[in-house]
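Undergrad: Below you will find the structure I want to go over with you.
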Amino acid sequence: METTVQPSKWNLIGISLLSGAILTLEITLTRIFSVTMWYHFAFMAISLALLGGAVAGVWVYLLGPRLPARSIREQLALLAPLTSAGTLLTFWVYLQIPFRAPQLAKGMTGTDVLKLTLIYVDLAIPFFLGGMCISLAMSRWSQRASRVYALDLVGASAGCLLSVAALTWLGGPGAVIGVALLMALAGLAFALATGRRTWQGAAGAWTLVIVALLVLNQHYNWLQVTSGKNPKEDTTRIYERWNSFSRITVYPPTHWAQPFAWGLSPTYHGPDPGHMLMLIDAAAGTPIQAFDGDLSKMEFLKYDLPAFAYYLKEHPSVLIIGPGGGRDVLTGMVFQASEITGVELNPAIVHAVRNDFDEYAGHVYNLNNPGIRIVVDDARGYIARDYKTYDIILASLIDTWAATSAGAFALSENSLYTREAFLSYYQHLDEDGILTMARWYLHDRPAEFLRLVSLALDSWDLAGASHPEQHLVAIASLDLTRSTEALGVVLVKRSPFTPEELAQIHRVADQLQFTILYAPDGTGSGPVAELVNTADRQAFVRNYPLDISAPTDDRPFFFNIIRIGNLIDRSLRASGVYRMSYEAIYILIALLTITSLLSAVLVMFPLWLSSQQKRIQPAELPYLGYFTALGVGFMLVEIPAAQRFSIYLGHPTYSLVVVLFSLLLSSGIGSRVTGLWPTERIRRALRWIFPLLLALAAIQALIVPHILLFTQRWGLPMRIALSVFLLAPLGLLMGMPFPLGIRWLSARNPAIVAWMWGINGTASVLGSVLSVILALNLGFRITLLVGAGCYLVAAMVAAMRA
């Protein structure tokens, strides 16, 4: 029997560094995909990472005889620098592929499919090479699996921290070079483990090359990311700033025939003061208004539909959710608001307006005015902790169309548009305060706007309003001559609208030529009035062709209005609003298809081939079910837990660091603990690990949501501490079954350990897609319970093998 060289401390350090680099690359590509393509493709980075690792496990298994265990240290010392070089080369190739994210209204051509496949295969290479290193370590040191797997997870948890820092300090392309540097350092650690000066010198030289490349790129900006959404416009940018959840770009000043506004009244005729367009991930826009301190030049803001609520209040106190480039703050100043508080989530936006474009914007974020305050914070959490009440709470077209660095898919949750969020808004309104929200209104099928109305009515009903329809007014800026898509605004008042207020609404609407879709005095017709006036609102929502049900924190996908049956409706492709939701579902299914086919070709076919060669015995087949259940179950627990805590913690960066770091680190600790147990205790340990794990998963699904809602008012440090407290025990137990299974299996047939690593990775790929599908349709609670069911299957397999 071949003797295996035991891992040295340098081997273990290299594994941890490489694992951190792989996760950092995954998160970085999530950000870059959101910029270069549509944010729907961000999920592709997750499948790339998982599938690359799975295929690597298969190849280590198939090449086993050609990769002798005695030379494991040299193999790792060679593969890690190759992974580093492959990361740089494949990323450069990716930037050269002229792929423009297809608009599904026109359909994907064969060329589009070919380019997308090329991108997928190209960027999978570094994950494959990195996965080869990890899989080799796991298979050759299977008796030390607990220790190796622990350092793998600890490195991945550190990668969460590194990804945030790298994207913030280095930008997208710089972060990729930083990943290559981390991989080079892993190669240096592996080289030190060989004890050979030649290997060490080569690894050190390559590390210095990457350092030089990183420094030079930061100075000369050689590697540039250009958006495939509108590449010509992206090349005209005058400003660019990255952080962990967006890329901000600003474009030269523009002057139009009329001022830029989302819902400008057709009655306004005046000059355009000019503005700069700021884009988030080259998609969602917010204007930086040219302002020289003369508010008379901003009079056009009084004609913009989102400002309608100001006509019902004298010198109001205003809370603005997502002020962006400062336009909404200027609107409050024009209407002489007594107090303006703007809560902006993205610090890069505030930094740009407050520093880089401060003079152009008229110092709107630096005004020496005690009545104006701009806060960088999550609006949901800020409002929950705020004990003040407001005359107006305003949110105008709040969306970013950007995938966060937490790896959130295109169909990402939005905590601002849920029943629980609206109840919080209700509690922070004065007795006659107004919540005003603007969303797009499509003339023939206004599903998004109807969903907003449905959410408002449902929330006010739960808040105790006996007749919520008396509290709501819906208005739109309809101009059928210009577009099929218009802007609508919903005004929801804490108390019922008075006759005097309704008369004022009619006067202003007539003056500005806006259309009242619904008012409590009986005004209005069409779908909005039908929804509000129907005797059975639930039946109306249920029977509507698209999903207009009120989102909740358990199923917070406000912008996902497309049901599976709607995919055959080609008319949805023509809408700029619904196309986003349509594309997201379409791409989710496409990714599931691609990953399933690749898994079948690259994983399942070798399984069949090996079974023909009798390398896997029939008695060992149940292990396939065990590691498959663990792979699917881990993703079905991890992803919905991360999304739920993202709503709780609010800030994407904090959510990423706290949730993934806590789960991965505690899983690593759990794995390391199992290494202290003798082999004969494995079966006995699994008998109590799985029941405890099932119990904690059930607690996460059924009890934790209530704890999070109750503690939403807590300060961020306390919420972070509570999150770690709630997640760590779950992660600790989730990190135990896999290394125990590896050790258990290695005692029977060490040759197929790498194969089981591949099976687990493939199952994780499918589990990540399945988790999104389940969460979209059934919510986080059910997804978690299904994940717990997967662990139950693994427990049953373990019991049968005992």
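The values are calculated or read from the model by the stated rules, or taken from the named source; none is laboratory data. Since the structure is predicted, the reported quantities are computational estimates derived from the model, not experimental observations. Quick reminder, even Gly has a Cβ in these numbers, built from the backbone with ideal geometry, and neighbours come from all protein chains shown. All accessible areas refer to the heavy atoms of the entire protein, side chains included, with ligands and DNA or RNA removed. Shrake-Rupley method; radii C 1.70, N 1.55, O 1.52, S 1.80 Å.
Undergrad: Scan segment 115-133 and tell me whether some residue there is open to solvent by less than 30 Å² (accessible area, probe 1.4 Å), part of a helix (DSSP H, G or I) and touching a strand residue (DSSP E or B) at 6+ places or on another chain (Cβ under 8 Å).
TA: Checked segment 115-133: no residue is open to solvent by less than 30 Å² (accessible area, probe 1.4 Å), part of a helix (DSSP H, G or I) and touching a strand residue (DSSP E or B) at 6+ places or on another chain (Cβ under 8 Å).
Undergrad: Is there any pair with a first residue in segment 765-779 that is closer than 18 Å to I562 by Cβ and a second that is in a loop (DSSP other than H, G, I, E, B) whose Cβ atoms are under 8 Å apart and which are 6 or more apart or on different chains, and what are they?
TA: That search, which allows pairs on different chains as well, returns V772/F409; V772/L411; A775/F557; L776/L411; L776/F557; L776/N560; G779/D554.
Undergrad: Going through A395, A408, A421, A403 one at a time, which residue ends up being within 19 Å of S549 (Cβ to Cβ) and either at pLDDT below 95 or among the aliphatic types (A, V, I, L, M) (or both)?
TA: A421
Undergrad: Do you know which residues across segment 327-360 are open to solvent by less than 10 Å² (accessible area, probe 1.4 Å), modelled with pLDDT of 95 or more and of a type outside the set (V, I, T)?
TA: Within segment 327-360, L330, G332, G342, A352 meet the criteria.
Undergrad: Anything in segment 239-274 that is without any contact (Cβ under 8 Å) to a residue 24 or more places away in the chain and closer than 26 Å to T36 by Cβ? List them, or say none.
TA: T254
Undergrad: Out of segment 726-746, which residues are at pLDDT 90 or above, farther than 11 Å from S671 by Cβ and open to solvent by less than 10 Å² (accessible area, probe 1.4 Å)?
TA: Across segment 726-746, the qualifying residues are L727, L730.
Undergrad: Touching a residue at least 24 places away in the same chain (Cβ under 8 Å), of a type in the set (F, W, Y) and open to solvent by 30 Å² or more (accessible area, probe 1.4 Å), is that true of F690?
TA: no
Undergrad: Say we look at segment 713-725 and pick out the residues that are more than 21 Å from the chain's Cα centre (by Cα) and in contact (Cβ under 8 Å) with a residue 40 or more places away in the chain; which of these is least open to solvent (accessible area, probe 1.4 Å)?
TA: So in segment 713-725, the residues more than 21 Å from the chain's Cα centre (by Cα) come out as 713-715, 717-718, 721-722, 725.
Imposing the further condition that a residue be in contact (Cβ under 8 Å) with a residue 40 or more places away in the chain reduces the set to 713-715.
Working: R713: 101, W714: 97, G715: 32 Å².
Per the criteria, the residue is G715.
Undergrad: Checking N749 against (1) at pLDDT below 85; (2) within 14 Å of A629 (Cβ to Cβ); (3) open to solvent by 10 Å² or more (accessible area, probe 1.4 Å), which test does it fail?
TA: Here N749 meets the rest and fails (2).
Undergrad: Follow-up question, since we're still on this one. Among the numbered criteria (1) open to solvent by 10 Å² or more (accessible area, probe 1.4 Å); (2) part of a helix (DSSP H, G or I); (3) more than 22 Å from V724 (Cβ to Cβ), which one does W677 miss?
TA: Result: W677 passes all but (2).
Undergrad: Next up: Kindly check whether there is at least one residue in segment 606-627 that is hydroxyl-bearing (S, T, Y), modelled with pLDDT of 85 or more and either out of contact with any strand residue (DSSP E or B) (no Cβ under 7 Å at 6 or more places or on another chain) or open to solvent by less than 10 Å² (accessible area, probe 1.4 Å) (or both).
TA: Yes, because at least one residue in segment 606-627 is hydroxyl-bearing (S, T, Y), modelled with pLDDT of 85 or more and either out of contact with any strand residue (DSSP E or B) (no Cβ under 7 Å at 6 or more places or on another chain) or open to solvent by less than 10 Å² (accessible area, probe 1.4 Å) (or both).
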